[in-house]
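Right, one structure below, let's go through it.
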Amino acid sequence: MVLASLVSVAILLAAVALWVLLARPQSAINRWFAAYTLAIAGWAVSIGCLHAGLAPEVWSRLAFLSSSFIPACFLAFTTVFPSVGTWPSRGVIRGVLLLATALAVLSVTTPLLIHDAVVTSAGFTRKSGPLYPFFVVYFLGAWISAFVVFALKWRRERGQARTQLQYLGIGLFLSFVGGITTNLLLPFLMGRTGYTWLGPYFTLPLVIFVSHAVIRHRLMNARLFVRRSIVYLITVAIAGTVFASFLVGWTSLVGERRQVIAEVAVALAVALAFQPLKRWLQSQLDRYFYRETYNYEQIVRDASQTISSTLDLKSLLQYVCEVTSATLRTDVVACFTRNLGRDTFNVAAKKDFGGGHGALENASLSPGDPLPSFLIRTRRPLHKEDLGRNLTGPAATAAVGHLSRLGGELALPILSEAQLTGFLVVGAKLSGDAFFAEDVDLLSTLASQATIAIKNAQLFQQVVLANDYIQNILTTMDSGVIAVDGKGRVALCNSAAERMTNLSISRLVSLSLDELPHPFALQLRQTLSSGQPQVQTETTVQAGPDRWVPIVCSTSALRDDQDTIVGALVVFSDLSKIKALESEKRRAERLAAFGTLVSGIAHEIKNPLVAIRTFAELLPERFTDADFRDTFAKVVVAEIGRIDDLVAKLRGLVVPSVQQAAITDIREPIMDTLALLSGQLEQTRTTVRRAFLDPAPLVAVDPNQLKQLFLNLFLNAIEAMGHSGVLTVRVQRADAHDTSAVRVEVEDTGPGVPESLRNSIFDPFFTTKEQGTGLGLAICRGITDAHRGTIRADASNENHGTIIAVEFPAATEPVETVRSGASG
């Protein structure tokens, strides 16, 4: 009986050893544990054979051989489990193993440890050799050293590793204390020479605790697969037992006559109880093998709703960490996200129980570090316990080591368009349980949902930053900005617009297009309808009851990616300072022109006066000289005529009031003036080209003054060209996008005006002609100023001549009021 039970214990130990070894045969942890357990199994078989009286000399020596390796293998196991320690060193372990081998050889081949083993009626006895005390010291020393290492590691480790050490330590301690006490210490101290058969039974706690740790805590990465069919078989066995028991009991009570009725009744009762019993057994086994279950679908549903409705990136990541920690009860969950600016992975959110994860504080990982590099390359979850099974190679080993340094058991990638945008680091479960396939599936689902939400949150963040950037730009702009959407509602404005319109921002953004100030509404409406921009249009906007602000504004259409107009934008600038500067400039120019005018007048009048004065001084002396008197009379008349002509031209500089302003087709005074000069054009053989590009060039002008303007311009052109020139007259709008002005260009083919002189030819008394007075173009400028027009000189693009361009405001309604002129 003892032999059978001890052989059963040995077989059970051997099964556990093989189970652990086959789980990871290349792992030093699994190999040393298997060696240690097999040594105990050999010792148990030997004790059983001795107590059965089978070859006592042989089995006693085999018992010592097996027991010699037990402490050495245990010490080697403690140095590598759960991770390799620094003490004892490999040299010490090799020395202990050599000592164990030597003692094993000596026990089998010599009487130095044991001899004269016999089985008598009183039981098994043997004699100890001279090395037996040394064997006891070796055994206890190695065992105590191993437990010191074990205890130190237990104090240092945490999470699942500590739980594994705890369960394994309890099993080992009970086994060693019971086995050593009954089969080593008591015989040695009391001088007994036998072995008690109770010692091997103390190894049963080791089997129980190791099996429990394997099932619940993945001890040494061994897995136990419990199929649903086991529950069914257990239920059938219980039902069969109940059925048989009822039959036996019923038969003994009532006899065989009512056996059929009893069978039917028991069968019916068992059938009714079968499904409830099966469900109860299933729940109990599930609770043991898989811990407390959670509602996978409900968690995913709730997480999906929260994640999809969260746009703040930090809050989103923190929620992912919290729901992971709350569901799986892990000691730490950290979410790393990629910083594209620095190209690093940083901790964006973390849920930590009790601290102790210093490696995660302000952690910054580069894509080339082992863990990120592995996730980038494989794009799959990394589980520490997979190393050595379906994870091999130096890259996987380095990634698992990196994950361990971060305090994690599991890492899940967060991928966006096949690119690693972040990853989750999940620590050990507080219960010490392993991560099952359902756990990994749940985390993968959360990571997948978080991927889309993180992308949306990052895009939302970019939009917020872009809006802040735009708002900062708008706030610092001196120009006003008003944007409207496709329905004409104000969508955006800035403080400059508030200042120039005297309307608050809150008031502006509540307005529709029709409620905006008229200049803005008109141009924005045109841009929304046509899509064409309005460029550099000058107008005024009311900024108060009696205050009008001159502005220049431009509009532009806002389009989407389909080129559909979705809004319009007007940008306008205050011209008050520019207008003041222009006014000051004109005043300075007028003063300068006045000084030039005075100087010119003095010069032109002084010459005739000098001649008259000279003759007047000689008149008393030569009064009787008839020739002198005749010459004097002629000179005086001629010089006074020169002065009179000068005065007449000076009067032309003062433009009279526009007494006859009317809506006029500007082509009419041009044609009248060309007809007046037809004789001179024929004499100089000048060719006239007309390019009237505007079909309705209406302006509000005095036609007579315009005739004088064009007469001066045409005469200057004819004189500049000489014979056989080409005179081109163009009439068109000032700009393709600006229909508020009519432009007339007079182009000649003469020698042209140097660029350095173009701004001076409109000044009084400035001339490049030998006999010119320099008043013709000055008079032209006075006429254009009187009509609120502009005049300038440009170089011809087609020849070396000059283009004089005159612009007048286009007329849109009859002019009834009389406008006063302006002097040149």
Please give the FRET efficiency for residue 704 paired with residue 591, using the beta carbon to beta carbon distance and R0 = 35 Å, rounded to the nearest 0.05. 0.70
Excluding ligands, DNA and RNA, what is the solvent-accessible area per residue of the range 33-105 at a probe of 1.4 Å, expressed in Å²? 36
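Evaluate the relative contact order of the range 466-619 (contact order divided by residue number), counting alpha-carbon pairs under 8 angstrom at least 6 apart; express in whole percent.
18
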With each label point set 7 Å from Cα along the Cα-Cβ vector, what nm distance links residue 125 and residue 579? 13.3
Under 17 Å from the Cα of residue 707, which lysines turn up, not counting those fewer than eight places away in the same chain? 649
Full-stretch length increase - residue 342, residue 18 - with 0.36 nm per residue and alpha-carbon distance subtracted: 111.6 nm
Probe 1.4 Å - accessible area at residue 338, Å² to nearest ten: 60
With charges only on Cβ, +1 for K and R and -1 for D and E, what is the dipole size of the range 486-570 about its Cα centre, in debye, rounded to 20? 160
Tell me the per residue accessible area of the range 332-417 using a 1.4 Å probe; a whole number in Å² is fine. 44
May I ask which of 314/384; 153/429; 351/455; 351/384; 153/351; 153/314 have a Cα-Cα span longer than 30 Å here? 153/314
Apportionment of accessible area to carbon and sulfur, the range 40-101, percent (1.4 Å): 71
Sites residue 526 and residue 444, calculated FRET efficiency, Cβ-Cβ separation with R0 51 Å, nearest 0.05: 0.35
Sticking with the crude label model, points 7 Å out along Cα→Cβ, report the distance from residue 691 to residue 417 in nm, one decimal please. 5.1
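Using Cα pairs under 8 angstrom and six or more residues apart, how large is the relative contact order of the range 305-462, in percent?
Computed value for the range 305-462: 28 percent relative contact order.
Ignoring ligands, DNA and RNA, how do 440, 541 rank by accessible area with a 1.4 Å probe, largest first?
Details: 440 30, 541 0 Å².
Heavy-atom accessible area, descending, gives 440, 541.
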Give the cross-link partners of residue 577 among the lysines, using a straight C-alpha distance below 29 Å as the criterion and excluding same-chain residues fewer than 8 apart. 585
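For residue 610 and residue 684, calculate 0.36 nm times their separation in residues minus their Cα-Cα distance, and state this gained length in nm to one decimal.
Full extension of this stretch gives 22.9 nm more.
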Quick one: accessible surface of residue 65, probe radius 1.4 Å, all protein chains present, in square angstrom to the nearest 10. 50
Burial ranking of peptide ranges 96-105, 621-630, 8-17 (average Cβ count within 10 Å, highest at the top): 8-17, 96-105, 621-630
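What FRET efficiency do you get for residue 630 and residue 676 if R0 is 45 Å and r is their Cβ-Cβ distance, rounded to the nearest 0.05?
The formula returns an efficiency of 0.70 here.
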What percent does the relative contact order of the range 486-573 come to when contacts are Cα pairs within less than 8 Å and at least six residues apart? 25
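The values are calculated or read from the model by the stated rules, or taken from the named source; none is laboratory data. Quick caveat: nothing in here was measured; it's all calculated off a predicted structure. Reconstructed Cβ throughout: ideal geometry from the backbone, glycine too, with neighbour counts over all protein chains shown. Only protein heavy atoms, including side chains, enter the accessible area calculation; ligands, DNA and RNA are left aside. Shrake-Rupley method; radii C 1.70, N 1.55, O 1.52, S 1.80 Å.
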